[in-house]
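Please read the structure below before turning to the comments.
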Amino acid sequence: MSEGIIETVVLGLNADGQALLEAAYLSDRFNVLAVADKDIALAERLAGEYGCTGYDDYRQLITATDAHLEDGQERCLIVAAGMYSCEEYVRLAMKKRFNVLKASPAGRDFEEAAELVRLAAEDGVHLAVVNPMRYAGSFSALHDYIKDGRIEEVFLISAFCSYAGVSRPGWQSDPKLAGGGVLVHYCFGMIDQILWSFPVPQQVYSLNTNQATDKQQRLSLTEDTAVVTMKFSDRLLGNLIVSSRSSVWPREQSLTVCGKDRILVVNDRGMTVRDGQGRIEEEFSYEYDRVGCMRGVVDDFASGILASEEKDIGSSGRENLKNMAVIESAYLSGRTGMPEEPGRIMQRKKFEPDDVDGDV
């Protein structure tokens, strides 16, 4: 048995799965044993590249790996496949004592995410959600800037997310399979960025639409465009505009934070600090490295698992329930036409908004 090594399997080899696979392979804390994808040719090709076993059967990935390992060996399941295709196998892995690192979102809806958090607690394993933007130089710098109190009396948070030209898999257009569209599957990281530095909003109001021309057809498809307004307090408001339509250019993720005497503007490539008159005070440039960000994710996850004393897992499943509550509120608001309260969603499921920062 290798001390300090986590025996690891990867379920789902989409772009996120492949980036996480490479990050785990490059880390000295993970030993990748197997990968799985419904595309067996892809699974076998990547298994050959990384010197592991390839499967197209998700159950076999879990059971065969479990049978190979000794009791007490630390183990990890990295999940990047859509939950519609693998929920039962994630549950099975938890029961077999696999720690789970899940590509965002935390679930298709709040209910599913909360259930995974409960199961992880019951089975005594760690559950975390992949939020690579936390490890991007520019967004990490923004978080530190806010945390250090270098911007005062923030009154407006504004986010813009364009995923122009991104090809969504067909299942993401089906509300039953996907749970939602661009808000939950593409904008999860931006919502996490906001709630990483600010409290859960008191109210969320959202307008969601898609390119279908017929109203009945729109109801059977997930949204490709949304406008979300958030009220954090009487003195702090936020908005989020997101679209995956090809005509919304340029493709980018940007976040603007407005304070009394300072404005912060951040995207993947850098952060600009302006004074209250809009004059540039500082500019910082960063190179976005997707695999490098994923290395930060997997290394933090490993540190929590292997810690000699109990340690909070960064971006734990429980912490990410805040993100899911905001998204759930946005979808509910889109249906009711009224502002909705994330706090009520969390309280209904016995999760308090102010008590979701640590791992279960």
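Rule-based calculations on the coordinates, nothing more; no lab input. Because the structure is predicted, anything quoted here is derived from the model rather than measured. Glycine also receives a Cβ, built like all others from the backbone with ideal geometry; neighbour counts cover every protein chain displayed.
For the chain, what does the helix formula give at 222 nm: sum of -39500 (n - 2.57) over DSSP H segments with n ≥ 4, over the residue count, nearest 500 deg cm²/dmol? Provide the component values of the computation, followed by the final result.
Working: 13 runs with 135 residues, N = 360.
Calculated at 222 nm, the ellipticity per residue is -11000 deg cm²/dmol.
With a cut-off of 12 Å, note down the residues of region 246-261 whose backbone N falls inside the zone around a label point 7 Å from the Cα of Asp275 toward its beta carbon.
In region 246-261, the label zone of Asp275 (backbone N under 12 Å from the point 7 Å along Cα→Cβ) covers 261.
What number, in percent, do you get for the relative contact order of region 137-244 if the mean sequence gap of Cα pairs under 8 Å and at least 6 apart is divided by its residue count? Walk me through the numbers on the way to the answer.
On the way: 155 pairs, mean separation 37.5, N = 108.
Relative contact order of region 137-244: 35 percent.
In units of 2.2 N^0.38 Å, what is the alpha-carbon radius of gyration of region 213-360?
Dividing the Cα radius of gyration by 2.2 N^0.38 Å gives 1.31.
For the chain, what is Rg from Cα atoms divided by 2.2 N^0.38 Å, rounded to two decimals?
Values: Rg = 20.3 Å, N = 360, 2.2 N^0.38 = 20.6 Å.
So the chain has a normalised radius of gyration of 0.99.
Using the crude model of +1 on Lys and Arg Cβ and -1 on Asp and Glu Cβ, and no other charge, please compute the dipole size for region 27-123 relative to its Cα centre, in debye to 20.
Numbers: 12 positive and 19 negative charges, 19 e Å.
Charge dipole of region 27-123: 100 debye, to the nearest 20.
Mind checking the alpha-carbon convex hull of region 236-322 and giving the volume per residue in Å³? Could you put the intermediate results ahead of the total?
Numbers: hull volume 16.4 nm³, N = 87.
Convex hull of Cα atoms, per residue: 189 Å³.
Ratio of Rg to Rh for region 130-193, alpha carbon only, Kirkwood? Before the final figure, lay out each step's value.
Numbers: Rg = 15.2 Å, Rh = 14.0 Å.
Answer for region 130-193: 1.08.
Which of the GluC sites (Glu not before Pro) found in region 256-360 are loop residues per DSSP with 10 or fewer other Cβ atoms within 10 Å of their Cβ? All intermediate terms of the calculation are to be shown ahead of the outcome.
On the way: sites: Glu281, Glu282, Glu283, Glu287, Glu309, Glu310, Glu319, Glu328, Glu340; in loops: Glu287, Glu309, Glu310, Glu319.
The qualifying sites are Glu309, Glu310.
Can you pull a Stokes-Einstein diffusion coefficient for region 49-136 at 37 °C (0.692 mPa s), Rh from Kirkwood over Cα pairs, as a whole number of µm²/s? Don't skip to the end; give the middle numbers.
On the way: Rh = 13.8 Å.
It diffuses with D of about 238 µm²/s by this estimate.
If I take R0 = 30 Å and measure r between the Cβ atoms of Lys176 and Ser247 in this structure, what FRET efficiency does the formula 1/(1 + (r/R0)^6) give, to the nearest 0.05? Spell out each step's value before the answer.
Working: r = 28 Å, r/R0 = 0.93.
Once rounded, the FRET efficiency stands at 0.60.
For Lys260, list the lysines whose Cα falls under 25 Å from its own Cα; do not include residues on the same chain fewer than 8 positions away.
Lys147, Lys231
Treating the beta-carbon of each Lys and Arg as +1 and of each Asp and Glu as -1, no other charges, what is the dipole magnitude of the chain about its Cα centre, to the nearest 20 debye? Don't jump to the answer; show the numbers that get you there.
Details: 38 positive and 56 negative charges, 245 e Å.
Computed about the Cα centre, the dipole is about 1180 debye.
Counting only Cα, what are the radius of gyration and maximum Cα-Cα distance Dmax of region 237-279, in Å?
Computed over the Cα atoms of region 237-279, radius of gyration and Dmax are 12.6, 36 Å.
In Å, what Kirkwood hydrodynamic radius results for region 22-180 from the alpha-carbon pair distances?
Values: mean 1/r = 0.0550 Å⁻¹.
So the Kirkwood estimate lands at 18.2 Å.
Would you work out the charge dipole size for region 228-360 about its Cα centre, treating the Cβ of every Lys and Arg as +1 and the Cβ of every Asp and Glu as -1, and quote it to the nearest 20 debye?
Dipole about the Cα centre, nearest 20: 760 debye.
What fraction, in whole percent, of alpha-carbon pairs in region 305-355 exceed 12 Å separation?
Numbers: 853 of 1275 pairs.
The proportion of pairs with Cα distances above 12 Å equals 67 percent.
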